[in-house]
Each structure stands twice: as C-alpha cells, then as structure tokens.
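Sharing a structure here in structure tokens format.
The values are calculated or read from the model by the stated rules, or taken from the named source; none is laboratory data. None of the values given here were measured: they were computed from a predicted structure. Cβ atoms come from the backbone with ideal geometry, glycine included; neighbour counts cover every protein chain shown. Please note that ligands, DNA and RNA were not included when accessible areas were found on the heavy atoms of the full protein model with its side chains. Shrake-Rupley method; radii C 1.70, N 1.55, O 1.52, S 1.80 Å.
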Amino acid sequence: AFREYLADLRAGRVEKHPAAHEAMYWQAWIERPILNRMIAGAFLWTSGLDGISAVSFQGAIGGSYGDPNDDLDSQKNSRGQAMRDNTLTYLSTDGPIPTLQWEALREGYDDMRYLTTLADLLDELRGSDPQTVATIEREIDTELRKYHHTIDHVRLDGRDFEATRALLIEKITHVRDKLATP
C-alpha cells in the first residue's frame, strides 16, 4: 500500500493532508548504507514526503546490549546468532563515532542540499528562460527515477549516486552561469 501511495503522490493523484507531516521510517542501523543514502536523499526528494525518521541513533529503539561499542555482545536471535546492536553511531567521550550507515545518511542529506540548490536556481531562472528550466527538470526527473523505490537499493552502488551528483553539479553550474550572464 505504501508503494502505491507514493506512486499516487508523485503522480498528483492524491494530496497529503495539509496539517499532517508524513515521514519515511526505517531501520537505518541495519548495514545497508546505500539504502540510507537513497532514503535520506533522492528517494525523499522524489517521494513527496515531508521527511525521514531514521532509527536508531544510539540504540534508542531495540537498544544496545552490554558494551555499546561491541555490536555482537547482545541478545541471540532464534538461530542462536548474536543480534547486532541498533546503533548508527558509537559512544565516545569526544562525541559520537560515526558508522558507514551514519555517513550514508549524511551523503543523502548532502544530495538533498544539491537538489535544493538546483531547485532554487531553477526557480530564479524560470521567469527569464522557462525552456531551459523545463529541459533541466526533465533531465533531473529522469535521472532520479532510479531512486523511486527503496527495494531498488539492491541494484544501485556508489557510482549511481556519484553520477547523479555530478549531473546535479553540472546543472547547478550551468544555471548559475546563465543567471550571471546579463
């Protein structure tokens, strides 16, 4: 149902309630950095949702068992295997120590910053060059389709994200140059 709702939201067939804030919730501590980057960045951008809720920072849900810096000293699952602690960062007297999952969230956040920068620049250019804006928006929409479904993270790798970011940087530079030309 969630996938269908997102498809309807993207297509404009449904609208969110104006007073509701809708966010994607997932187990961000699981060792799937590609998924974390995708959800925190391009997926969120294309979804129409208001935000994300990544679980869990330092074992808040499900917890950390025993030594918070030892992932495998926790409870056992039904097969007798140690269950990993639910953490995105590790504790330290100098502040949190990030994990790959945490760094992937940061990369996704940076992807959102690039997308927001481009969107703001396109809004600025819209009045003087609507054709260029429409062309770039189509290009970006096409590029971002690979991030529409979270299950697709299994076929993506870092090169996909870097190619998307390179395209965003290229378009940001192009639009800035157009705006700077009198």
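Mind checking which aspartates and glutamates have their Cα closer than 15 Å to the Cα of Lys16? Skip sequence neighbours fewer than 8 apart in that chain.
Glu4, Asp8, Asp50
If you take Rg and Dmax of the Cα atoms in Å from the coordinates, which of [x] 19.5, 69; [y] 16.6, 51; [z] 20.7, 71 do you get?
[x]
Using helices alone, I'd like the mean residue ellipticity at 222 nm for the chain: each DSSP H run of four-plus residues gives -39500 (n - 2.57), total over residue count, nearest 500.
On the way: 6 runs with 85 residues, N = 182.
Helix contribution divided over all residues of the chain: -15000 deg cm²/dmol.
What is the calculated FRET efficiency for Asp8 to Val154, with r their C-beta to C-beta distance and R₀ = 25 Å, to the nearest 0.05? Could you put the intermediate results ahead of the total?
Working: r = 24 Å, r/R0 = 0.96.
Once rounded, the FRET efficiency stands at 0.55.
What share of the DSSP beta bridges in the chain is antiparallel, in percent to the nearest 5? Write down the numbers at each step before the final one.
On the way: 4 of 9 bridges.
The antiparallel fraction comes to roughly 45 percent.
Using 1/(1 + (r/R0)^6) with R0 = 45 angstrom and r between the beta carbons of Thr173 and Asp70, what's the FRET efficiency to the nearest 0.05? Each step should come with its number before you reach the end.
Numbers: r = 46 Å, r/R0 = 1.02.
That gives a FRET efficiency of 0.45.
Accessible area per residue, 1.4 Å probe, Å², for the chain: what's the number?
Values: 10550 Å² over 182 residues.
Result: 58 Å² of accessible area for each residue.
Shifting gears a bit: Using a 1.4 Å probe over the heavy atoms of the protein chains, calculate the carbon and sulfur portion of the accessible area of the chain as a whole percent.
Numbers: 5730 of 10550 Å².
Of all accessible area on the chain, carbon and sulfur atoms account for 54 percent.
Using a 10 Å Cβ count of at most 13 others and DSSP loop calls, identify the longest part of the chain lacking such trypsin sites (Lys or Arg not before Pro).
On the way: sites that count: Arg13, Lys16, Arg79.
The reported range is 80-182.
Now a separate question. Cut-off under 12 Å on the C-alpha distance; same-chain residues fewer than 8 positions from Lys178 excluded. Which aspartates and glutamates are left, in chain and number order?
Glu124, Asp129
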